[in-house]
Amino acid sequence: MKALRAIFIAALAVAINSGWAGEPNNADFGFPAPGTYALPPLRGAADGAVLTSEGGATTLHRVFSGKIVVLSFIYTECGDARGCPLASAVLAQLWRRVDEDPALAQKVRLISLSFDPAHDTPAVMRGYGQRFVREGADWQFLTAASEAALQPMLNGYRQTRQRAYDSNGMSTGTYSHLLRVFLIDEHRIIRNIYSADFLDPALLVYDIITLARHG
């Protein structure tokens, strides 16, 4: 538990040191002002069968529910401060900014979806979410019932992951994966994909405002 706490603290430091500190300023970050640029559609956002953190069965598209969605694939045992903990720390900061504008907050939903369903049960995802979610945040922590249910979603989002094994061929419980976070519009179209190098809360806020204003 102490080791995981240290990882989360390190991830938060990485997120803060990316240059975001509260109110984003496009002059400071070199970003164009929200609404002055376009986010071309990339492709449709895949659907799939998921479980909520309360154990309810639903689908990813139902959870989208006509919102502007920020979707992150994670697993709770990730020990890389620039991996899943970074994504969750950035989303936590993102929501603090979005929540400053009640009208904008009504249009946005954050989703963290586990790609380790064997370990990340609904209860585990619920506990993980409690580390990040502030009261009233529209942030869903989802998992899949099985690998069979998960794989079509990974394929649809082109999210790669590879299980790691030790020298004896035994699973270490960890994964090698590329961090990818998806911005999805109200019509379930992917409009941007962020890697670790571009996962900046200020940029996410600007892109969300741009979608909210102009679609």
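Miscellaneous remarks
- The C-beta contact set for region 179-196 (first residue without any contact (Cβ under 8 Å) to a residue 60 or more places away in the chain, second residue surrounded by 20 or more Cβ atoms within 10 Å (Cβ to Cβ) and in a strand (DSSP E or B), distance under 7 angstrom, 6+ apart or interchain) comprises Tyr194/Val181.
- Selection of first residues in region 143-158 that are under 23 Å from Ala123 (Cα atoms) and of second residues that are at pLDDT 95 or above and assigned to a helix (DSSP H, G or I), restricted to Cβ pairs under 8 Å at least 6 apart or on distinct chains, gives the following pairs, ordered by first then second residue: Thr143/Pro122; Thr143/Val124; Thr143/Met125; Ala144/Leu150; Ala144/Met153; Met153/Leu60.
- Restricting region 122-134 to residues that are basic (Lys, Arg) and more than 12 Å from Ser112 (Cα to Cα), the residue that is modelled with the lowest pLDDT: Arg134
- Wholly within region 26-98, strands (runs of 3 or more DSSP E) carrying at least 2 residues that are at pLDDT 95 or above and under 17 Å from the mean Cα position of the chain (by Cα): 49-51, 68-74
- Condition check for Arg109: touching a Ser or Thr at 6+ places or on another chain (Cβ under 8 Å) and farther than 18 Å from Phe64 by Cβ: no
- Any chance Val124 is β-branched (Val, Ile, Thr), touching a residue at least 40 places away in the same chain (Cβ under 8 Å) and within 24 Å of Ser195 (Cα to Cα): no
- Residue within region 156-173 that is within 14 Å of Val70 (Cα to Cα), in a strand (DSSP E or B) and not aliphatic (A, V, I, L, M) present: no
- Test: residue in region 135-155 that is part of a loop (DSSP other than H, G, I, E, B) and at pLDDT below 90: yes
- Some residue of region 109-128 being part of a strand (DSSP E or B), in contact with a strand residue (DSSP E or B) (Cβ under 6 Å, 6 or more places away or on another chain) and exposed (fewer than 12 other Cβ atoms within 10 Å of the Cβ): no
- Pair list, Cβ < 6 Å and 6+ apart or interchain, from region 98-116 residues that are in contact (Cβ under 8 Å) with a residue 60 or more places away in the chain to residues that are surrounded by fewer than 17 Cβ atoms within 10 Å (Cβ to Cβ) and of a type in the set (Gly, Ala, Ser): Val98/Ala105
The values are calculated or read from the model by the stated rules, or taken from the named source; none is laboratory data. Values in this document were obtained by computation on a predicted structure and should not be read as measured data. Positions of Cβ are backbone-derived with ideal geometry, glycine not excepted, and every protein chain shown enters the neighbour counts.
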